[in-house]
Amino acid sequence: MNINLIPAAAQRQQHQRKRLRLWAGVLTVAAGILTIPIGLDWSRKAHAKELRIRAADLDRTQTQVKSEWNTVFSEVEETQAHIERAEALRSKRAWSALVTLIAANVPADVWLTTIATDPARPSPQAKQRAVTAPAPAKPGATKPKEESLTIDAPTKIKIEGYAPHAAEPLTLVRSLQATNVFKTVSLLRSSLEAQEDGAYFHFSLLCEW
């Protein structure tokens, strides 16, 4: 037979404390469980923010790379065009072949009066080169001489002629451009002039490589 000598009030207090400890434990566990999704959500948000920052950095890098690629590609295309023009010009370097090329593209009713290089003659440059003089026979001999070097080459051809119609000089320009021998072919002038047998368009073209 068990006899509990603890007063009833003290027993109630003990039961209340046990229940409070139990509920405190339950609440603690529940709070811990609730913090798990909150922590995961915060972690996901932080990771998403980091990914957005990295994506923005990658977008900027991609834009920069595209810009640099476009610049390099343009330079490569321009260089390739220069190389192709130079190769085409080397293959037509003989002036007789170049004149033949021009004549082959002249429209049937057009006749040429002048095909001349520009400049027509090389021009002297200001470059100087020291020339070693013979060993002096006496003390106090003069200093080595200097001579001018002429370094120039024609880079343009000027073509003049007559055409019965205004469109034919432009046709000649397009035909010469299509050969890919010249860097540019431009129509300098085209004006109607009276001749003995009628009026014709006197034109001038400039071909540059």
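The values are calculated or read from the model by the stated rules, or taken from the named source; none is laboratory data. Note that the structure is a prediction, hence the values are computed from the model and not measured. Here the Cβ positions follow ideal geometry from the backbone for every residue, glycine too, while neighbour counts run over all protein chains shown. These area figures cover heavy atoms from the full protein model, side chains too; ligands, DNA and RNA do not enter into them. Shrake-Rupley method; radii C 1.70, N 1.55, O 1.52, S 1.80 Å.
Rolled with a 1.4 Å probe across the full set of protein chains, the surface gives I36 an accessible area near 100 Å².
Between A194 and E160, what's the calculated FRET efficiency when r is the beta-carbon distance and R0 is 22 Å? Round to 0.05. Taking R0 as 22 Å, the efficiency between A194 and E160 is 0.80.
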